[in-house]
Structures are given as C-alpha cells and as structure tokens.
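A.B. asks: Mind having a look at this structure? Questions to follow.
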Amino acid sequence: MSLTLRVLCVIGAALTFWIIVRRIKKASARIDDVIVWIVFSLSLLVVAIFPNIPTFLAHLFGFQATSNFVFLAVITILVLREFTNTLKISKLNARLNELIEEQALQAKEEPHE
C-alpha cells in the first residue's frame with residue numbers, strides 16, 4: 001500500500017470516527033446503533049497503519065488476493081448488519097401493530113358524543 005493511500009485511509013478513518021462521535025454527542029444517533037460504525041472506523045484506522053494485517057489474514061484463510069478477502073469480510077459484515085436491522089424492524093412493526101390495535105379498542109370503547 002502506498003504512503004499516499006495509507007495517509008488517505010488514516011484521514012478517512014479519523015473523519016468517520018469524528019462524525020460518528022459528533023452525532024452521538026448531538027444525540028442524533030444512539031450508541032448501540034453506531035457501535036458497528038465505530039468498530040469499522042477503528043478497524044479501518046488499524047488497517048491503514050498496519051497494512052500487513054489483511055494480507056496475513058488473506059493468506060491464512062487461503063485467499064489468492066488480499067482484496068478478495070477484504071471484499072468478503074466487508075460484505076459479510078454488511079449482510080450481518082442488514083440481518084440485525086431486519087430483526088429490529090420486524091420487532092418495531094409488531095409493536096406498532098399492537099399499539100394500533102390498542103388504540104382501535106380504546107376508540108371503540110369510548111362513548112361517542
């Protein structure tokens with residue numbers, strides 16, 4: 001990895017981390033919702049500083065190219081994140097339906113004037 005690319009990766013990771021922390025401080029994002037992005041930006045920073053880590057892991061797992069390993073790792077993380085988001089959305093939809101049903105029952109029980 002060239003020095004220019006490493007510097008850009010470090011700057012990008014630091015900027016991502018700063019944006020995430022700023023959003024948490026402004027309370028526009030909950031900590032448990034952004035932990036994945038904090039870990040992602042910190043791992044990007046580690047990879048930018050130590051570029052041999054993904055190469056070592058790629059060879060350890062038998063990948064021919066480091067980029068293939070990185071793509072697979074990122075895609076796997078994003079698919080798992082999407083799955084957890086789907087579970088959260090399903091729970092929220094179930095709760096929304098419960099609240100709608102409760103509201104409908106309350107409206108039915110109230111006397112009409």
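A.B. asks: Considering every residue within region 78-87, establish whether at least one is at pLDDT 85 or above, touching a helix residue (DSSP H, G or I) at 6+ places or on another chain (Cβ under 7 Å) and in a helix (DSSP H, G or I).
C.D. replies: yes
A.B. asks: State whether the residues of region 95-103 include one that is polar (S, T, N, Q), over 22 Å from Val7 (Cα atoms), under 12 Å from the mean Cα position of the chain (by Cα) and not assigned by TED's automatic domain parsing to the domain that holds Gly12.
C.D. replies: No, region 95-103 contains no residue that is polar (S, T, N, Q), over 22 Å from Val7 (Cα atoms), under 12 Å from the mean Cα position of the chain (by Cα) and not assigned by TED's automatic domain parsing to the domain that holds Gly12.
A.B. asks: So which residues in region 1-26 are in contact (Cβ under 8 Å) with a residue 40 or more places away in the chain and not aliphatic (A, V, I, L, M), if there are any at all?
C.D. replies: Listed by number, the list holds a single entry, Arg6.
A.B. asks: For Lys91, all conditions in the list (1) within 29 Å of Asp33 (Cα to Cα); (2) in contact with a helix residue (DSSP H, G or I) (Cβ under 6 Å, 6 or more places away or on another chain) hold save one; what is the number of the exception?
C.D. replies: The number of the failed condition is (2).
A.B. asks: What are the residue pairs meeting all of these: first residue in region 31-48, first residue touching a residue at least 12 places away in the same chain (Cβ under 8 Å), second residue surrounded by 15 or more Cβ atoms within 10 Å (Cβ to Cβ) and charged (D, E, K, R), Cβ atoms under 6 Å, and 6 or more apart or on different chains?
C.D. replies: Ala48/Arg6
The values are calculated or read from the model by the stated rules, or taken from the named source; none is laboratory data. Quantities reported herein were computed from a predicted structural model and do not represent experimental measurements. Neighbour counts are summed over all protein chains in view; Cβ atoms, including those assigned to glycine, are modelled from backbone coordinates with ideal geometry.
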